[in-house]
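Below is one structure, written out as structure tokens; comments come after it.
The values are calculated or read from the model by the stated rules, or taken from the named source; none is laboratory data. Because the structure is a prediction, the values reported are computed rather than measured. Note: ideal-geometry Cβ built from the backbone for every residue, glycine included; neighbour counts use all protein chains shown. Calculation scope for accessible area: heavy atoms of the full protein, side chains included, ligands and nucleic acids excluded. Shrake-Rupley method; radii C 1.70, N 1.55, O 1.52, S 1.80 Å.
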Amino acid sequence: MPLSRLNEEQYAAATSTDLQNLIIASAGTGKTSTIVGRIGHLLGSGVKAQEILLLTFTNKAAAEMVERVAAYFGKEVASKIDAGTFHAVSYRWLKKHDKKVVLKQQRELKTLFRSVYEKRSFHHIDAETRPYGGNYLYDMYSFYQNTELEYDFEHWINEKYTEHDLYAMIYADIVDEFEALKKEYGFVNFNDLLLNFREMCKEKDLGYKEVLVDEYQDTNALQGTLIDAMKPPSLFCVGDYDQSIYAFNGADISIIGSFTSKYPHARVHTLTKNYRSSLPILSLATKVIEHNERIYPKKLEVTRNYDAQAPKLLAYDELFDQYHAMAAQIRDSQTPREEIAVIFRNNSSADGIEVGLRELNIPCKRKGGTSFFDAKEVKAILDLYTLLVNESDMMSFIHLVEFARGIGSAMAKEMYTALKGLGHGSIFYGLYAPDTSIHNPFEKRKVSHQLGLFDEFLELGAVGKFAKLGFEAKFMQNPILKHPKLTKDGAIFLHDFYSLYRDLKGVKQPRTIVRKIAASALYKHIAEVLALKRATLKDGSIDEKQKEESLTRIQRKTLLLEELSKPYSEHERFLNAMILGSSDLTQGEGVNLLSVHASKGLEYKEVYVVDLMDGRFPNRKLMQRGGSLDEERRLFYVAVTRAKDILYLSYAKYDKIKKMNFVPSQFLYEAGLVPKDETYRALVEKEDAQ
């Protein structure tokens with residue numbers, strides 16, 4: 001039984017008979033073992049595996065816990081536990097009841113949102129405040145969905161952003177049209193999964209006897225109400241308020257802070273034995289985090305008693321001296337590369353470190369910047385593949401056609417709607433066998449000055465301008481070519497699109513499809529567009545060497561995606577793995593370069609926390625945009641508690657490019673690594689004044 005390996009505190013939590021339990025599990029105190037022990041206790045007490053729900057913040061964490069349960073109870077029993085992220089569990093339930101649910105990622109729906117936004121004009125409103133851009137408004141709406149439980153979107157804008165009240169009605173109408181389009185095409189995003197599943201929970205008993213929630217401190221208002229809607233007979237929440245670092249994403253620390261108020265009969269268990277970090281590292285982390293208000297009292301004990309190395313402060317005269325010196329130190333370290341992590345608060349820090357390591361031929365992998373699956377060249381292949389499987393996926397079409405010169409998201413949407421009309425519901429019929437009796441396939445736009453809608457559609461264009469491009473007669477007869485704003489480049493793109501899907505017809509193997517897409521004229525155009533953009537210098541000139549390197553990197557990514565497709569023989573299984581599991585997959589080897597957020601839950605023998613200058617860490621700009629010093633301090637706590645044995649904290653005094661001086665981070669003063677002086681007192685006074 002997994003219970004036999006637990007310490008006294010972990011055992012008491014895992015075997016609790018109380019119906020609501022909150023386990024305060026600080027960094028390195030064995031929260032995973034406690035959760036696995038709790039599941040073992042439930043199974044041993046007669047609770048069936050399918051009556052247990054485990055909610056985690058990564059699918060990787062869920063898989064690890066289920067695997068550990070399987071070691072004791074067998075794979076057949078463990079596989080029946082409903083485990084996964086809030087979104088993965090919601091998706092499974094919704095799919096079970098509605099096979100037509102089409103999950104779309106944020107990037108794709110942001111494109112759809114932009115296609116609605118671009119039809120609006122704000123010029124008729126005389127105001128000093130500029131309206132939000134389409135992408136920013138989408139992000140704001142997503143944040144609203146995760147955090148607001150009372151107001152509608154227009155009211156929320158009026159309350160929170162009073163300077164934008166002139167635009168609130170237009171913003172709300174954009175959102176309404178966007179939601180209507182999603183409903184029409186069956187699209188759901190990650191927020192919709194939770195919202196729709198919450199409604200299902202209100203109407204249906206899911207049959208769970210206990211719900212376990214990992215990383216409880218990171219839940220947001222929407223996730224909190226989803227747990228409430230489940231009405232679980234027993235609730236087991238594990239978290240640490242000192243590691244709540246996702247406020248920017250809607251996480252609400254008051255949810256863990258108010259647990260005992262919400263559940264007056266709840267039991268709070270505190271795990272105090274740290275199995276990860278040495279005494280000097282843990283002492284430093286504690287010294288800093290205790291400057292935050294204590295929500296629940298705790299005092300950590302170190303279990304690894306040995307002559308440990310004290311954390312070391314590295315100070316450099318210049319910013320890039322820091323990166324180069326750090327790379328040299330890593331080169332000379334006896335610690336295996338995979339056991340070394342460099343943790344950064346800002347992406348610009350990571351760029352400097354990566355360059356320093358590459359110059360010394362030290363392999364490294366970066367997590368927290370643009371991942372493999374977020375690369376536009378990878379997303380393009382997956383969009384092309386998705387359309388093959390589901391031609392109703394308007395978002396994939398829009399995102400792809402935006403690669404054609406002169407076609408924006410609004411025009412791409414118009415073309416999708418036109419093809420669907422020409423094909424009587426099928427874009428591929430509209431492409432290969434259009435109803436040519438439909439003279440004008442493009443719908444007219446509605447007009448409403450109040451909602452920012454003005455221009456009606458222009459006169460149709462002539463297809464004669466494409467006569468010299470060598471298209472076959474059948475393609476030239478397609479009314480889609482009559483769009484008045486379609487350029488020759490756009491027409492060539494559509495023809496390449498037409499040719500590719502003709503070649504893909506009937507292909508069954510995912511690997512073959514990925515290979516054919518990568519070799520197509522259409523994808524070569526997309527790769528050329530991306531490489532050209534990445535090689536364009538500030539003065540508008542093209543760095544040809546950089547362009548060739550970009551094309552090579554794109555080719556490598558297509559080959560890697562082909563490798564990932566090898567184990568799959570079914571289209572949908574492959575695509576679902578790429579969409580839902582992509583955030584848990586990593587590539588590369590060597591030194592780990594991690595943002596603080598990406599480092600959470602991980603541990604390394606040797607850790608470097610870099611750019612500890614005031615302004616950078618803590619990041620004062622983000623604090624001014626709604627963050628807080630408490631949150632920045634929690635980020636520092638998370639960063640340093642990734643270290644098991646060796647911890648380096650570094651900062652620079654000057655940036656020669658920006659010609660600016662730096663002062664040490666406030667956290668270095670609080671840690672006792674820098675003597676408190678007038679600079680520190682000025683920082684504290686400034687914070688108190690705010």
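Just to be sure before I move on: is residue 318 charged (D, E, K, R), more than 20 Å from residue 618 (Cβ to Cβ), in contact (Cβ under 8 Å) with a residue 12 or more places away in the chain and open to solvent by less than 40 Å² (accessible area, probe 1.4 Å) in the structure I sent?
So residue 318 passes the test.
Among the residues of the stretch 127-139, is there at least one that is farther than 29 Å from residue 208 by Cα, under 18 Å from the mean Cα position of the chain (by Cα) and of a type in the set (Phe, Trp, Tyr)? Break it down into steps so the answer makes sense when it comes.
Taking the stretch 127-139 as the starting set, the residues that turn out to be farther than 29 Å from residue 208 by Cα are 127-139.
With under 18 Å from the mean Cα position of the chain (by Cα) added as a condition, the list becomes 135-139.
With of a type in the set (Phe, Trp, Tyr) added as a condition, the list becomes 136, 138.
Within the stretch 127-139, one or more residues are farther than 29 Å from residue 208 by Cα, under 18 Å from the mean Cα position of the chain (by Cα) and of a type in the set (Phe, Trp, Tyr).
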- Task: Those residues that are acidic (Asp, Glu), farther than 22 Å from residue 15 by Cβ and in contact (Cβ under 8 Å) with a residue 24 or more places away in the chain, I need them from the stretch 255-311; list them, please.
- Result: 293
- Can you find a residue in the stretch 41-54 that is closer than 22 Å to residue 90 by Cα, out of contact with any Pro (no Cβ under 6 Å at 6 or more places or on another chain) and of a type in the set (S, T, N, Q)? yes
- Looking for whichever is touching a strand residue (DSSP E or B) at 6+ places or on another chain (Cβ under 7 Å), closer than 26 Å to residue 47 by Cα, open to solvent by less than 40 Å² (accessible area, probe 1.4 Å) and hydrophobic (A, V, I, L, M, F, W, C) here; the options are 206, 212. Which one fits? 212
- Query: Of (1) under 25 Å from residue 227 (Cβ atoms); (2) surrounded by fewer than 19 Cβ atoms within 10 Å (Cβ to Cβ); (3) charged (D, E, K, R), residue 192 satisfies all except one. Which?
  - Reply: (2)
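I'd like the residue in the stretch 504-519 that is out of contact with any helix residue (DSSP H, G or I) (no Cβ under 7 Å at 6 or more places or on another chain) and open to solvent by 70 Å² or more (accessible area, probe 1.4 Å) and, out of all such residues, is nearest to residue 377 (Cα to Cα).
Restricting attention to the stretch 504-519, the residues satisfying the condition of being out of contact with any helix residue (DSSP H, G or I) (no Cβ under 7 Å at 6 or more places or on another chain) are 505-506, 508-509, 512, 519.
If we keep only those that are open to solvent by 70 Å² or more (accessible area, probe 1.4 Å) as well, we get 505, 508-509.
Values: 505: 22, 508: 22, 509: 21 Å.
That would be 509.
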- Considering the stretch 536-561 alone, what residues qualify as being open to solvent by less than 80 Å² (accessible area, probe 1.4 Å), at pLDDT 85 or above and under 30 Å from residue 507 (Cα atoms)? 550, 551, 552, 554, 558
- Task: Of all residues in the stretch 641-667, count the ones that are crowded, with 24+ Cβ neighbours inside 10 Å and either out of contact with any strand residue (DSSP E or B) (no Cβ under 9 Å at 6 or more places or on another chain) or closer than 19 Å to residue 245 by Cβ (or both).
- Result: 8
- Where in the stretch 80-196 are there helices (runs of 4 or more DSSP H), lying wholly inside it, with at least 1 residues that are under 30 Å from residue 54 (Cβ atoms)? 86-97, 106-117, 134-147, 168-185
- Query: Among the residues of the stretch 215-232, is any over 20 Å from the mean Cα position of the chain (by Cα) and aromatic (Phe, Trp, Tyr)?
  - Reply: no
- List, please: which pairs have Cβ atoms under 8 Å, are six or more places apart or on different chains, and start with a residue in the stretch 167-179 that is surrounded by fewer than 19 Cβ atoms within 10 Å (Cβ to Cβ) and end with one that is assigned to a helix (DSSP H, G or I) and among the polar types (S, T, N, Q)? 168/158
- Item | Residue pairs meeting the criteria (Cβ under 7 Å; at least 6 apart or on separate chains; first modelled with pLDDT of 90 or more, in the stretch 187-200; second open to solvent by 10 Å² or more (accessible area, probe 1.4 Å) and part of a strand (DSSP E or B)) | none
- Message: I'm checking my understanding of the structure. Among residues of the stretch 341-356 that are of a type in the set (A, V, I, L, M, F, W, C) and within 21 Å of residue 646 (Cα to Cα), which one is farthest from the chain's Cα centre (by Cα)?
- Response: 353
- Task: Name, by its number, the condition in (1) crowded, with 24+ Cβ neighbours inside 10 Å; (2) under 20 Å from residue 309 (Cα atoms) that does not hold for residue 593.
- Result: (2)
- Query: Can you name the number of the only condition in (1) farther than 25 Å from residue 671 by Cβ; (2) under 30 Å from the mean Cα position of the chain (by Cα); (3) open to solvent by 50 Å² or more (accessible area, probe 1.4 Å) that residue 267 fails?
  - Reply: (2)
- When both residues are 6+ apart or on different chains and their Cβ atoms are under 9 Å apart, which pairs have a first residue that lies in the stretch 126-141 and is open to solvent by less than 40 Å² (accessible area, probe 1.4 Å), and a second that is among the small types (Gly, Ala, Ser)? 134/115; 134/409
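Let me confirm something: among 15, 32, 58, which residue is touching a Ser or Thr at 6+ places or on another chain (Cβ under 8 Å), open to solvent by 20 Å² or more (accessible area, probe 1.4 Å) and of a type in the set (Ser, Thr, Tyr)? First the steps, then the outcome.
Values: 15 fails: touching a Ser or Thr at 6+ places or on another chain (Cβ under 8 Å); 32 fails: touching a Ser or Thr at 6+ places or on another chain (Cβ under 8 Å).
Within the list 15, 32, 58, the selection yields 58.
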- Of (1) farther than 20 Å from residue 323 by Cα; (2) without any contact (Cβ under 8 Å) to a residue 12 or more places away in the chain; (3) over 30 Å from the mean Cα position of the chain (by Cα), residue 623 fails just (3)
- Quick check, is residue 77 over 23 Å from residue 175 (Cα atoms), open to solvent by 20 Å² or more (accessible area, probe 1.4 Å) and either in a loop (DSSP other than H, G, I, E, B) or in contact with a helix residue (DSSP H, G or I) (Cβ under 8 Å, 6 or more places away or on another chain) (or both)? yes
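Matching residues to (1) assigned to a strand (DSSP E or B); (2) over 29 Å from residue 648 (Cα atoms); (3) open to solvent by 20 Å² or more (accessible area, probe 1.4 Å); (4) modelled with pLDDT under 90:
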{"position": "248", "(1), (2), (3), (4)": "no, no, yes, yes"}
{"position": "256", "(1), (2), (3), (4)": "no, yes, no, no"}
{"position": "277", "(1), (2), (3), (4)": "no, no, no, no"}
{"position": "285", "(1), (2), (3), (4)": "no, no, no, no"}
{"position": "297", "(1), (2), (3), (4)": "no, no, yes, yes"}
- Task: Kindly indicate the residue of the stretch 144-159 that is among the hydrophobic types (A, V, I, L, M, F, W, C) and at pLDDT 85 or above and also nearest to residue 192 (Cα to Cα) among those meeting that condition.
- Result: 153
- Message: I'm checking my understanding of the structure. Among residues of the stretch 299-315 that are open to solvent by less than 70 Å² (accessible area, probe 1.4 Å) and outside any loop (DSSP other than H, G, I, E, B), which one is farthest from residue 636 (Cα to Cα)?
- Response: 302
- Task: State the number of residues belonging to the stretch 380-433 that are over 24 Å from residue 516 (Cβ atoms), of a type in the set (Gly, Ala, Ser) and either within 26 Å of the chain's Cα centre (by Cα) or modelled with pLDDT under 85 (or both).
- Result: 4
- For the stretch 336-358, enumerate the residues that are exposed (fewer than 15 other Cβ atoms within 10 Å of the Cβ) and either modelled with pLDDT of 90 or more or of a type in the set (D, E, K, R) (or both). 336, 338, 358
